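Contents: one structure, followed by commentary.
Coordinate-derived values only; no laboratory data. Quantities reported herein were computed from a predicted structural model and do not represent experimental measurements. When we count neighbours, we look across all protein chains shown, and the Cβ atoms used for this are built from the backbone with ideal geometry, even at glycine.
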Amino acid sequence: MLELLIELIGQIAVDVIIQGVFEMGGRAALKASKKAAQAEPGSNPWAWVVVYISLGAIAGVISVWIVPVHWIGSPTARLLNLAITPILLGFAFELLGRWKTKHQKRRYAVDRFSYGFTFALVMGLIRYFSIA
């Protein structure tokens, strides 16, 4: 039981780090594009949802290509990881956005719970269903 708990916590930590790295890469790509960087995050939420679904799918495929195995042996623990990780990443990026607002820094679309959650959920679903 303790081994399963350690395995689950380790997988969640690694997933949050990997997804955070992909999010930061997406943020850098948005910053590089002058037009996208100047767009207001709330200007067209459905377009941003499509962007983060696409980025999550791409990140999921790349992560399956790099690490083609599940690190968690138990199917139940994998489902639990699929439920917990997107929530944690969504909260992390929402907190980052609030920090930016408090310190008068520009807040991007990724700095919202819903977009971070969407990205992480799609990436997790790709990993969950792609690895047999």
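Could you please rank MET1, MET123, placing first whichever residue has the fewest other Cβ atoms within 10 Å of its Cβ?
Exposure proxy ranking, most exposed first: MET1, MET123.
Rank these for me by crowding, PHE119, PHE93, PHE129, going from fewest to most other beta carbons within 10 Å. Working shown, then result.
Details: PHE119 29, PHE93 26, PHE129 11.
In order of increasing Cβ crowding within 10 Å: PHE129, PHE93, PHE119.
So how far apart, in nm, are the two label points at MET1 and GLN104 if each is 7 Å from Cα heading toward Cβ?
Computed distance between label sites MET1 and GLN104 equals 5.4 nm.
Using a basic spin-label model with each label point 7 Å from the Cα along Cα→Cβ, how many nm lie between ALA83 and ILE62?
For the pair ALA83/ILE62, the computed spacing is 3.0 nm.
Would you kindly state how much longer the chain becomes between TYR128 and ALA47 on full extension, computed as 0.36 nm times their sequence separation minus their alpha carbon distance, in nm to one decimal?
26.6 nm
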